[in-house]
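Each remark here refers to the structure printed beneath this line.
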Amino acid sequence: MLIPNRSPNFLPWDENELAPVWSEVFGNDNPLALEVGCGVGDFIVQMALLHPNINFIAIDFYNKGCIKTCKRIDKAELSNVRVLRAEARSFIGACIQPDTLQMTVINCPDPWPKLRHRKRRLVNTAFVAYLSGFMKQGADFYFATDFDDYGLDVAEFMALQQGFDNQLAPDTFRHHLEGYPISKYMRRFLEMGQPIYYVHYRKG
Ligand SMILES: C[S@@+](CC[C@H](N)C(=O)[O-])C[C@H]1O[C@@H](n2cnc3c(N)ncnc32)[C@H](O)[C@@H]1O
């Protein structure tokens with residue numbers, strides 16, 4: 001039994017329902033950004049404060065994470081974030097119109113460290129090609145991970161991904177990204193002395 005999430009910033013949605021009309025949800029036509037796997041929401045709150053003219057959709061399939069994210073948003077009195085409990089691929093296909101996202105952010109996705117589990121990783125060339133169809137021209141794609149093998153893999157395949165321009169060139173990744181907020185997982189790994197791998201591309 002799921003703990004109910006009664007925050008006004010939580011948008012209950014399930015796969016049998018129609019897609020939300022985002023301009024009605026937010027009450028304006030500001031550009032849309034998506035964070036996949038928002039965890040406990042510390043990153044999205046910082047981003048929403050930095051970019052008040054962007055509407056952020058934060059999704060995670062972890063219910064307690066959605067509740068914690070909403071509590072942070074409510075406390076910060078933000079009006080430009082909504083949280084949904086959803087799985088990324090099905091959510092994007094059902095709720096995002098093609099060519100509409102201005103930004104997509106994925107921080108510390110589950111690393112699936114065992115070799116035989118790596119095919120379960122969310123971020124791969126097929127996922128980015130799929131996601132690209134929902135991003136506007138000029139939209140930003142940010143990926144961050146603490147896990148070396150994941151960081152190097154995404155840095156390598158993004159350099160070959162059709163239709164994206166590297167914003168960190170000549171580097172394919174960096175360990176610091178000026179102005180980019182730190183998430184709970186990033187902080188945890190930084191405190192253990194592990195570097196974060198940041199990748200930043202723009203849809204051309
Ligand atoms: C390791 S945590 C990182 C949380 C947060 N981004 C951070 O950096 O602190 C990964 C999060 O992604 C969520 N997640 C993983 N795969 C997902 C998917 N396919 N759709 C939605 N959420 C997903 C998990 O539930 C979890 O909360």
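Just a few scattered comments:
- For the options GLU178, GLU156, GLU15, a Gaussian network treatment of the chain with springs between C-alpha atoms closer than 10 Å singles out GLU178 as fluctuating the most.
- Dividing the summed helix terms, -39500 (n - 2.57) for each DSSP H run of n ≥ 4, by the number of residues in the chain produces a 222 nm estimate of -8500 deg cm²/dmol to the nearest 500.
- For the chain, averaging the sequence separation of C-alpha pairs within contact (under 8 Å, six or more residues apart) and dividing by the residue count gives a relative contact order of 21 percent.
- Among MET158, MET103, MET192: highest mean-square fluctuation, GNM of the chain, C-alpha pairs under 10 Å: MET192
- Segment 29-203 - share of DSSP beta bridges that are antiparallel (%, nearest 5): 30
- Using Cβ point charges alone (K and R +1, D and E -1), the dipole size of the chain about the Cα centre works out to roughly 560 debye.
- Projecting the alpha carbon convex hull of segment 36-83 along each direction and taking the average yields 2.7 nm².
- Note on ARG188, ARG120, ARG202: ascending count of other Cβ atoms within 10 Å places them as ARG120, ARG188, ARG202, the fewest first.
- Taking N as its residue count, the alpha carbon Rg of the chain over 2.2 N^0.38 Å: 0.98
- Viscosity 0.692 mPa s, 37 °C: Kirkwood-radius Stokes-Einstein D of segment 130-195 over Cα pairs, µm²/s: 246
- Given charges at Cβ of Lys, Arg, Asp, Glu: segment 130-204 dipole, positive-most of MET135, THR145, TYR197: MET135
- Spatial separation of Cα centroids for segment 97-158 and segment 36-54, in angstrom: 18
- Ranking of HIS200, HIS176, HIS117, HIS51 by count of other Cβ atoms within 10 Å, fewest first: HIS176, HIS117, HIS51, HIS200
- Each of SER90, SER132 was scored by other Cβ atoms within 10 Å of its Cβ. Listed from fewest to most, they are SER90, SER132.
FYI, it's all coordinate maths here, none of it is from the lab. Please read these numbers as outputs of a predicted model, since none were measured by experiment. All Cβ positions, glycine included, derive from the backbone under ideal geometry; neighbour counts span all protein chains shown.
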